[in-house]
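The values are calculated or read from the model by the stated rules, or taken from the named source; none is laboratory data. Keep in mind that this is a model prediction, so the values were computed, not measured. Positions of Cβ are generated from backbone atoms using ideal geometry, with glycine treated the same way; all protein chains shown enter the neighbour counts. We work out accessible area using only protein heavy atoms, side chains counted, and drop any ligands, DNA or RNA first. Shrake-Rupley method; radii C 1.70, N 1.55, O 1.52, S 1.80 Å.
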Amino acid sequence: MSPPAARSPGLRHARLLIVAAVLAALAVPIVLGGRDALLRTLNFPLRGYLVLFAVIAASWLARALKLWLLLRRLGLRPGLAHLFVISLAIDLAYISTPAGVGGYAASIYYLRRTGASVSGATTVTAADQILDLAFFTLVLPLAGVSLLWSELPQALAILAFATGATMLAIGLGVLLARRHIVRWMLADNALVRRWPALRRRQHILHEFLVSLGANTRVLVSGGPRVAAAIAALTAAQWVMKYGVLWVTLALLGHPVSFALTLLLQALILHAAMWTGVPAGGGGAELGLTAALAPWVVATDTATALLLWRLATFELCLVSGVAAALVLARWKAAAPASAAHDIAAGERAG
């Protein structure tokens, strides 16, 4: 383990990025909507806050259940409550790092603590991401189709089709080329001949890939019922999460098309993630404000965005930090408990 002094610059940088993202997510709507947007947010009815919390909590639960089913396919039996806490901690890593890159490492780390092997945790993490990509590959064109018969600009529908087709093409390309990629990674190529130490790494990589393939075959052999349940939970996870903005606008008196809000979030949020700020803070708000301008006045858009970010970003940060602290306490308590059991056994002997 690296000493605290070595870790502190990275931690400070991460904290600064998170603070910048939170400030940007708050500042941009307030600047665009003015004092009225802030006052409307503060005076939002308690019932409305409870509705938004219920929607985002349903998204959290759907993702935890999805991970629970995937782990059960690998023969693991983690408690659902434990996995719910793990899911919150993983989500924290996704939303608090640029482009969500920290979420992959956090997912493997926390899933390992459920008893999964490295390859098992990697398989579940990859399956989680593939399911998410499959959902968006399917739902974006469907949203585009629904917009064709509306008064909305057809450019949005074309963009939805193009994005879905691009994601499908990339997925098929990786699927078709996977054997060639693996063969190249394990081949006696120029890179290995230049650095002979890599040959041993190739052996480890080969064993890992074999285990990964075996775990993948176990996951996909669950039958149609398991597949349908996992697909339904994936859809519920994202429909609920992306439904927060739609519900917020409806509560403010703007029943905007759900397909429109889903499509705008899917496109703008993923584009904003490349700003380098966690969760696209600031850039997402600017994009959504501009996109919603034809249907919602600036003050109401700013109010909706403040409430939306409160439910989907700030609340997720707080709950994720709390979950990470709980998991850290459980990890610290586990060795102490094991040592107590050993000591008790020695005394009994």
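Taking 0.36 nm per residue of sequence separation and removing the Cα-Cα distance, the Val19/His254 pair yields an extension gain of 81.5 nm. Each of Val210 and Glu314 was given a label point 7 Å from its Cα along the Cα-to-Cβ line. The distance between the two points is 5.3 nm. Projected label points at Val321 and Leu133, each 7 Å from Cα along the beta carbon direction, are separated by 3.3 nanometres.
The phi torsions of the range 123-139, fed into the Karplus equation with coefficients 6.51, -1.76 and 1.60 and a -60° offset, translate into couplings of 4, 5, 4, 5, 4, 4, 5, 5, 4, 4, 5, 5, 4, 5, 4, 7, 7 Hz, rounded to whole numbers, with Gly and Pro shown as x. Projecting the Cα atoms of Ala304, Trp330, Val244 onto the dipole axis of the range 215-330, where Lys and Arg carry +1 and Asp and Glu carry -1 at the beta carbon, places Trp330 farthest toward the positive end.
Sorting the segments 158-164, 261-267 by their mean number of nearby beta carbons within 10 angstrom, highest to lowest, gives 261-267, 158-164.
Counting Lys +1, Arg +1, Asp -1, Glu -1, what net charge surrounds Lys331 among other residues with beta carbon under 13 Å of its beta carbon?
Values: positive: Arg112, Arg113, Arg329; negative: none.
Overall, the nearby charge balance is +3.
Whole number in Å², please: accessible area per residue of the range 226-291, 1.4 Å probe, ligands, DNA and RNA not counted.
Working: 2290 Å² over 66 residues.
That works out to 35 Å² for each residue.
Stretched out fully, how many nm does the piece from Ile170 to Ala27 gain, at 0.36 nm a residue minus the Cα gap? All intermediate terms of the calculation are to be shown ahead of the outcome.
Numbers: separation 143, 0.36 × 143 = 51.48 nm, distance 3.63 nm.
Going from the current span to full extension adds 47.9 nm.
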